[in-house]
Amino acid sequence: MDPAEIVSTFLRILPQAIVSGVALGSVYALIAQGYYVTFTTTETVNFAQGEFLMVGALTSYTLLVLSGLNFLVALVVVVVLMAVMGVVVERVAIRPLRQLLSVGWILSTVGVSVILRQFAEIYWGREQRRVPSIFGDTPIFIGGTGIFPQEVFVIVASLLTMAALLFFLKRSTFGKALQAVAFNPAAAGLMGINVRQMVVVAYIISSILAGIAGMLVAPIIFAHAEMGALLGLKAFAAAIIGGIENPIGILLVGIGLGIAEFVAAAINASFRDAATFLILILLLAWRPQGLFQRVTAEKV
Amino acid sequence: MTSSFWARRLSAPIFHHVSVAGVALTAASLVALLVVPLLLDNAYYMRIAQQIAFYTIAAIGLNILVGYQGQVSLGHGGLFAVGAYTSALLATRFEVPVWVCIVVGAAFAGLIGALVALPTLRAKGPYLAMVTIAFSVIVYVVAQNWTDLTRGPEGIKNIPGISWFGTEIRQLRTYRPFGDDGLTFGGSVAYFWIVGVAALLVQLFAGNLLAGRWGRTINAVRQSEIASETIGVSVYRWKVGAFALSAVLAGLSGAFFAHQDGYIVSDTFTFNKSVELLVFVILGGARSLFGPLIGATVLVILPEYLKTLASYEWVPVALKPIIEHYLLFYGALLILFLITMPDGMAGALKRLPGLARLLPPVPPPALRPVAALARARGSNGMTRAELVADDVKMYFGGLKAVDGVSLTIDPGRIHGLIGPNGSGKSTIVNCLTGVYRPTGGTVRLGDVAMNALPPHSIAALGVTRTFQNIQLFRDLSVLDNVMMGYHLRMKSGFLGMLFRTRATVEEEERFRQEAMDLLSFLGLASLADTEAQSLPYGLQRLVEIARALALDPHVLILDEPAAGVPAGEIATLSDVIRRIRDAGVTILVIEHHMDLVMGISDHVTALDYGRKIAEGTPEEVQANERVIVAYLGPKDMFALPATEPGVESTPTSNGVVAR
């Protein structure tokens with residue numbers, strides 16, 4: 001293939017890759033904001049975040065498809081379920097293990113993900129479940145580029161959710177207390193902030209984000225027990241590249257990775273899942289603290 | 001037999017200076033490895049035993065990395081896959097002898113590990129964890145999709161087994177040398193012997209490495225990278241080395257796996273494999289010599305047992321479909337184990353009474369009377385070079401922490417550096433020792449420019465330091481902390497340590513004795529076996545000085561040695577610093593404690609706002625108008641009279657002289 005042909009192929013696939021990439025990428029960003037919230041407060045993340053998403057997606061299948069419930073009712077149920085799961089995972093897998101070797105929480109949350117995947121296989125089976133979009137399945141064509149209404153909805157809904165989250169974190173007293181805990185837990189405790197409660201809240205927020213992401217993404221990809229693993233890891237990659245303490249960086253990188261993934265898929269479908277991680281290794285070799293994180297000199 | 005018999009130390013290759021108990025344990029393990037499989041006439045059990053053996057190999061390597069060196073890797077499943085595929089492909093495509101395939105597989109995994117580690121080890125914590133996860137996923141995607149090479153999910157079939165005296169091992173017929181009811185020998189036993197002996201050797205070699213300088217160094221790097229650097233350890237090289245070594249063992253393990261059944265398939269090497277290996281280490285007991293073995297044993301058997309549960313009659317029928325998903329229990333047990341046994345199963349076992357006596361620790365060396373600090377290089381033969389900072393600038397963004405300071409620290413003297421908080425003293429020290437690279441100006445020792453050198457190279461030139469916020473290797477004993485100071489002077493190589501050669505062990509003993517001498521010079525000998533972090537603050541500072549002295553430095557920089565030292569012990573500290581100077585070491589001391597610094601210094605420099613404001617004898621500096629203003633503010637501000645030399649004064653914590 002001569003270079004001109006490569007360029008023309010690239011330009012031909014780019015619009016579609018951007019449309020699909022932004023949709024999937026905003027889901028990565030949404031999941032990754034959950035990592036951001038828990039990491040800043042506790043320096044831990046929930047490695048079962050992808051499985052939380054999967055439970056959210058499959059629950060929405062049960063509620064929307066099997067029970068025929070209204071979308072908003074389903075959303076409320078998923079949010080409540082996720083909040084409960086967030087409390088449980090913090091209590092069982094994070095709180096007892098935060099001090100252990102710095103890897104205890106990685107393994108315990110991986111343990112949670114194993115349990116959830118097995119549970120999902122028992123309860124929902126191994127089949128891929130189709131969750132129809134409430135906006136129908138007819139793509140809108142703009143030029144040669146097709147976009148599903150659900151994709152528009154995913155982009156809008158996840159951006160709104162993230163905006164609401166950031167507004168909550170930066171503006172509300174509660175969010176400020178959360179930030180104080182992130183900055184210095186001991187001092188925050190002395191100021192009368194209930195640090196433990198804040199950690200629980202961080203996990204609740206993180207879980208709800210994963211659940212919402214699951215509801216949004218289910219109509220785009222099929223819902224099944226194994227869907228979460230790779231989504232969770234790719235979102236973690238987005239969080240790391242963006243700088244795990246930088247929500248805007250996470251948003252940009254999440255969307256960027258979504259686009260990169262579809263570009264890679266257009267070139268070679270089997271390369272798709274490796275693209276994200278290859279980019280991550282190259283970027284971290286260049287900037288070990290992520291793209292948007294400032295370098296700080298270690299004080300001795 | 002008395003306990004002294006078991007504690008006697010032997011002199012034999014590999015077992016040099018190992019106690020009788022240690023050798024007996026190894027011999028017993030070897031016998032058990034060889035005999036027990038003959039008694040079990042069961043290929044299924046043998047297969048499980050083989051798995052335990054090769055997973056132990058990978059887990060030992062990962063324990064070195066995660067437990068001792070302190071870096072999390074969730075990518076060793078990928079390295080395991082590299083070893084497996086390399087060995088399998090060499091054997092099937094190029095018909096290379098299987099023994100060679102296994103060795104090459106391990107070596108290639110080590111190479112890949114080093115290639116991954118080289119550019120990415122600067123990343124830390126979750127960033128490094130993510131790099132390793134990424135590697136693991138990439139290996140899986142490649143294995144899955146590069147079907148021309150790996151055959152992907154279809155798998156590579158008919159991978160030859162190891163040849164057992166000319167016969168392919170899986171073709172060995174079952175052989176009963178003592179009649180039909182007697183011992184059984186067959187291919188699965190033979191393969192277990194091979195993998196089991198390999199695991200035993202790896203265990204032995206890992207024990208050798210971890211017991212000596214190698215293990216001490218990776219432990220030290222885990223606990224304080226900056227302190228390791230300033231005593232001459234190239235932290236980056238050691239981290240890459242530890243990563244590569246663990247990668248070799250992961251690859252070796254993978255290669256043994258590939259030749260076990262003669263069939264590998266890409267689905268085996270998902271991210272879960274990496275998690276599994278890490279679980280062996282953490283649940284077995286990270287930073288414990290036998291943790292990986294215990295972890296691999298329990299966690300290979302446990303799922304196999306859970307799988308068989310469904311066949312028992314007492315299990316209710318309703319539960320059987322759940323048992324098919326035995327991983328559910330696995331996940332739950334994982335969390336339960338983590339919570340109830342924070343230092344793993346090995347840690348839980350260690351608390352059993354009597355077990356500690358089985359492997360007695362090496363006793364500390366004898367005390368010898370020490371009058372003065374013995375110096376290896378001596379004051380005559382060494383270069384009597386001055387340490388010079390010439391117009392050094394250090395800017396952090398817009399902040400000019402040090403703005404053009406020139407200092408000359410003459411050999412054989414005590415040079416005091418004073419100044420109010422934030423005046424740039426510690427920044428100067430960081431520039432002199434390579435912790436910071438100065439924005440401008442030059443730093444040199446005699447004629448040797450040190451500007452661009454990393455701290456460990458500056459340490460090699462003979463300039464070392466202590467730290468304002470103490471940087472001891474907290475989990476190591478006082479003696480081991482001092483031993484770390486000999487890092488640059490200990491010459492035994494990796495192979496020497498691996499095989500526990502006589503030279504290596506003797507060198508270790510020699511330096512232990514020297515460390516003991518150093519400790520008695522500083523009055524710390526009785527604390528040799530104490531864990532550094534359990535000492536009071538003042539003694540920790542002395543241990544830091546002892547560690548720095550072990551380097552036999554030309555220049556020793558003490559960053560606030562009196563901070564946190566009780567008032568009653570200041571005199572002792574002054575005396576120690578003088579005795580070090582008398583042994584020929586040049587000293588730069590940064591201090592707020594005016595009595596101390598004015599009492600011992602031959603020469604004093606005062607800084608304020610990143611600039612030099614005064615220099616001279618202690619008396620001159622004390623009388624200097626600008627110094628008084630810097631500490632107390634302008635005279636007319638509170639109409640305070642200036643301090644006169646010789647007036648009794650009490651320094652407060654921030655250096656202000658109160659009267």
Study note, to complete from the structure: Diffing region B:461-471: the Karplus 3J(HN,Hα) column from phi (6.51, -1.76, 1.60, θ = phi - 60°), in whole Hz with x for Gly and Pro, holds 7, x, 10, 9, 8, 10, 10, 4, 9, 3, 10
Review point. Given Cα pairs under 8 Å that are at least 6 residues apart, what percent is the relative contact order of chain A?
Key: 37 percent
Check your understanding: Taking neighbour Cβ counts within 10 Å as the exposure measure, how do B:Met516, B:Met484 sort from fewest upward?
Key -> B:Met516, B:Met484
Review point. Could you give me the ³J(HN,Hα) list for region B:69-78, computed from phi with Karplus coefficients 6.51, -1.76, 1.60 and θ = phi - 60°, whole Hz, x at Gly and Pro?
Key: 7, x, 10, 7, 10, 10, x, 6, x, x
Point to revise | 5 angstrom amide H check on B:Leu607, placed H, neighbours 5+ away | key: B:Ile418, B:Gly419, B:Ile613
Review point. Most fluctuating residue of A:Val45, A:Val200, A:Val77 in a GNM of chain A with Cα springs under 10 Å: which is it?
Key: A:Val77
Check your understanding: Under 25 Å from the Cα of B:Lys612, which lysines turn up, not counting those fewer than eight places away in the same chain?
Key -> A:Lys299, B:Lys393, B:Lys400, B:Lys425, B:Lys635
Review point. Between rounded, prolate and oblate, where does the protein assembly as shown land on the alpha carbon gyration tensor, with a ≥ b ≥ c its root eigenvalues, rounded for a/c under 1.5, else prolate if a/b exceeds b/c?
Key: oblate
Point to revise | Structure-based [θ]222 nm, chain B - -39500 (n - 2.57) summed over DSSP H runs of at least 4, per residue, nearest 500 | key: -16500 deg cm²/dmol
Check your understanding: Which whole-angstrom value gives the distance between the alpha carbon centres of region B:57-95 and region B:142-161?
Key -> 18 Å
Practice item. Take the alpha-carbon centre of region B:562-588, take the same for region A:246-283, and report the distance between them in whole Å. Key: 57 Å
Check your understanding: Quick one: net charge of B:Val576's neighbours, Cβ under 11 Å, K/R +1, D/E -1?
Key -> +1
Revision key, fill the gap. For B:Ile264, the residues 5 or more places away or on another chain with a placed amide H closer than 5 Å to its own amide H are B:Ile156
Review point. How high is the relative contact order of chain B, given as a whole-number percent (alpha carbon pairs under 8 Å, six or more residues apart)?
Key: 16 percent
Exercise for review: Specify the angular offset, from 0 to 90 degrees and rounded to the nearest 10, of the alpha carbon long axis of helix B:125-145 from the longest principal axis of the alpha carbons in chain B.
Suggested key: 30 degrees
Check your understanding: So which helices of chain A fit the span-like rule, where a helix is a whole DSSP H run, its Cα atoms reach 24 Å or more along the axis, and its mean Kyte-Doolittle is at least -1.0?
Key -> A:3-42, A:71-89, A:104-124, A:149-171, A:195-217, A:247-267
Exercise for review: Just the number, please: percent antiparallel of the DSSP beta bridges in chain B, rounded to the nearest 5.
Suggested key: 65 percent
**Study point:** Residue of A:Ile241, A:Ile122, A:Ile94 that the Gaussian network model of chain A assigns the largest fluctuation, springs spanning Cα pairs under 10 Å
**Key:** A:Ile122
Review point. Can you list the aspartates and glutamates whose alpha carbon sits under 15 Å from that of B:Lys307, skipping same-chain ones fewer than 8 residues off?
Key: B:Glu324
Point to revise | Contact order normalised by residue count of region B:20-270, Cα under 8 Å, 6+ apart, percent | key: 41 percent
Practice item. Distance between Cα centroids, region B:490-538 to region A:197-228: provide it in whole Å. Key: 53 Å
Review point. Most fluctuating residue of A:Ile255, A:Ile13, A:Ile244 in a GNM of chain A with Cα springs under 10 Å: which is it?
Key: A:Ile13
Check your understanding: According to the square roots a ≥ b ≥ c of the eigenvalues of the Cα gyration tensor, what is the shape class of chain A, taking rounded for a/c under 1.5, prolate for a/b larger than b/c otherwise, and oblate for the remainder?
Key -> oblate
Point to revise | Degrees separating the helix B:235-261 axis from the principal Cα axis of chain B, which is the longest one | key: 0 degrees
Check your understanding: Hey, what angle do you get for helix B:213-223 against the long axis of chain B, alpha-carbon based, 0 to 90 degrees rounded to 10?
Key -> 70 degrees
Study note, to complete from the structure: Taking placed amide H atoms and a strict 5 Å upper bound, the residues 5 or more places from B:Trp164 or on another chain that come that close are B:Ile169
Point to revise | Calculated FRET value between A:Arg171 and A:Leu283, using beta carbons and R₀ = 30 Å, to 0.05 | key: 0.40
Check your understanding: Roughly how big is region B:494-644's charge dipole about its Cα centre, with Cβ charges of +1 (Lys, Arg) and -1 (Asp, Glu), in debye to the nearest 20?
Key -> 280 debye
Review point. Between B:Asp410 and B:Asp602, what is the label-to-label distance in nm when each label sits 7 Å out along the Cα-to-Cβ direction?
Key: 0.6 nm
Review point. From the square roots a ≥ b ≥ c of the eigenvalues of the alpha-carbon gyration tensor of region B:20-270, which class results: rounded (a/c under 1.5), prolate (a/b over b/c), or oblate?
Key: oblate
Revision key, fill the gap. Restricted to the protein assembly as shown, the DSSP antiparallel beta bridge percent, nearest 5, is 65 percent
**Study point:** Exceeding the 29 Å Cα-Cα cut-off - candidates A:Lys176/B:Lys239; A:Lys234/B:Lys124; B:Lys124/B:Lys350; A:Lys234/B:Lys239
**Key:** A:Lys176/B:Lys239; B:Lys124/B:Lys350
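Any read-out appearing in this document is the output of simple, stated calculations on the displayed coordinates, not a laboratory observation. Since the structure is predicted, the reported quantities are computational estimates derived from the model, not experimental observations. Counting neighbours? That spans all protein chains shown, and the Cβs are built from the backbone with ideal geometry, glycine included.
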